[in-house]
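Heads up: the structure comes next, in structure tokens.
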Amino acid sequence: MAFEGKSALVTGAGSGIGKATALKLAAGGARVAVLSRTESEVQQTCYEIVAAGGQSIALTADTSDEAQMRGAIEGVTKAFGGIDIVVANAGINGVWAPIDDLKPDEWDQTMAVNLRGTYLTLQLTVPCLKVNGGSIVVVSSINGTRTFTTPGATAYTATKAAQVAMVQQLALELGKHRIRINAVCPGAIETGIAANTTMRHREETEVPVIWPEGEIPITNGKKGSSDDVAEMILFLVSDRARHITGTPIWIDGGQSLLR
């Protein structure tokens, strides 16, 4: 029960990496606030935690909406008395298209969810973490941090690179408050994020690359699981990682080394 007595907030907790992380934190004894903009999904995550004997509250909010997020964070502090762990996972792939075809509102949407959403999550929870110290993990990607070959993913890549820059900048700013902040950068993972991806004119932006057999060396091409990422997040927010901050960790089975 490594997280007994701790309170955690996980965004994008309705499915995939966020849900897997929330379930594992709860199994470790944490009280977990699960947040998503899809009420049915986050309610299901909350139900599974409680059914397993854990403590959880479900919050429905768009992470890019300041008023909604303020209300959500107030809900967490009211229910749990504070926040010790933050996992900023909510994000979208958005539209992947040639830069001259990518519309301003499509660019803005990706920036709003992935970057403004991360900013608001941290901006509103850091005051809580300053009380007793704590740990933050931001879910970034191999895109924009090691690889730049995903066709048309300019907006997505920009947000993921910016997230790692935020983590490294804030590691210094928050260190004096005993707050650690790190990033995980998944590669191909079995999640539902493809459902919010729109791709246009891939043929115009795709760079021809000949891969060795299997794009993910350690699994012969098989994608990783949400649990693979969740396990690393649990390590980073635990006391076992007490001397790690400002660090991006790639969880991709070697995929980004091929690209």
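Counting pairwise Cα distances across region 122-193, what percent come out greater than 15 angstrom?
Tail of the P(r) past 15 Å holds 57 percent of the pairs.
At a threshold of 8 angstrom on Cα-Cα distance, excluding pairs fewer than six apart, so keeping six or more, what relative contact order does region 51-133 reach in percent?
That works out to 38 percent.
If I model a spin label at Tyr47 and Glu203 as a point 7 Å from the Cα along the Cα→Cβ vector, what separation in nanometres do I get?
If labels sit at Tyr47 and Glu203, their model points lie 4.5 nm apart.
Roughly how many percent of the accessible protein surface of the chain is carbon and sulfur, given a 1.4 Å probe and a whole-percent answer?
On the way: 6180 of 12010 Å².
Exposed carbon and sulfur together represent 51 percent of the surface.
Pop the C-beta distance of Thr149 and Ile244 into the FRET formula with R0 = 22 Å and round what comes out to the nearest 0.05. Could the numbers behind the result be given before it?
On the way: r = 29 Å, r/R0 = 1.31.
FRET efficiency, Thr149 to Ile244: 0.15.
Please compute the per residue accessible area over the chain with all protein chains in place, 1.4 Å probe, rounded to a whole number of Å².
With the other protein chains kept in place, the chain gives 46 Å² per residue.
Show me 248-256, 9-17 ranked by packing, highest mean number of other Cβ atoms within 10 Å first.
9-17, 248-256
Kirkwood hydrodynamic radius (Cα pairs, Å) of region 45-162?
Working: mean 1/r = 0.0632 Å⁻¹.
In region 45-162 this quantity evaluates to 15.8 Å.
Relative contact order of the chain: what whole-number percent is it, with Cα pairs under 8 angstrom and at least 6 residues apart?
Over the chain, the number comes to 20 percent.
State the three equivalent ellipsoid semi-axes of region 97-143, derived from the C-alpha gyration tensor as the square roots of 5 times its eigenvalues, in descending order and whole Å.
The equivalent ellipsoid of region 97-143 has semi-axes of 31, 12, 4 Å.
Between Asp100 and Lys222, what is the label-to-label distance in nm when each label sits 7 Å out along the Cα-to-Cβ direction?
4.4
I want to verify a result. In a Gaussian network model of the chain, Cα cutoff 10 Å, which of these has the top mean-square fluctuation: Asp84, Asp108, Asp227?
In the Gaussian network model the winner is Asp108.
Based on DSSP H runs of at least 4 residues, each adding -39500 (n - 2.57), what is the mean residue ellipticity at 222 nm of the chain after dividing by all its residues, to the nearest 500 deg cm²/dmol?
Counting only the DSSP helices, I get -12500 deg cm²/dmol.
Please work out the ratio of the alpha-carbon Rg of region 56-98 to 2.2 N^0.38 Å and round it to two decimals.
1.47
What is the calculated FRET efficiency for Ala67 to Phe235, with r their C-beta to C-beta distance and R₀ = 51 Å, to the nearest 0.05?
My answer for the efficiency is 0.90.
Filter the cross-link list Lys103/Lys176; Lys24/Lys103; Lys19/Lys160; Lys103/Lys130; Lys78/Lys103 down to pairs whose alpha-carbon distance in this structure exceeds 31 Å.
Lys103/Lys176; Lys24/Lys103; Lys103/Lys130; Lys78/Lys103
Are there any GluC sites (Glu not before Pro) in region 1-108 that are in a DSSP loop and have at most 16 other Cβ atoms within 10 Å? List them by number. Walk me through the numbers before you get to the answer.
Values: sites: Glu4, Glu39, Glu41, Glu48, Glu66, Glu74, Glu106; in loops: Glu4.
Those that pass, being in a loop and sparsely packed, are Glu4.
Give me Rg over Rh for the chain, both radii from the alpha carbons and Rh done the Kirkwood way, two decimal places. Before the final figure, lay out the partial values.
Working: Rg = 17.8 Å, Rh = 18.4 Å.
Answer for the chain: 0.96.
Tell me, how many Å apart are the Cα centres for region 115-178 and for region 38-91?
Using only Cα atoms to place each centre, the spacing works out to 19 Å.
The values are calculated or read from the model by the stated rules, or taken from the named source; none is laboratory data. Computed from a predicted model, the values in this text were never measured in an experiment. All Cβ positions, glycine included, derive from the backbone under ideal geometry; neighbour counts span all protein chains shown. These area figures cover heavy atoms from the full protein model, side chains too; ligands, DNA and RNA do not enter into them. Shrake-Rupley method; radii C 1.70, N 1.55, O 1.52, S 1.80 Å.
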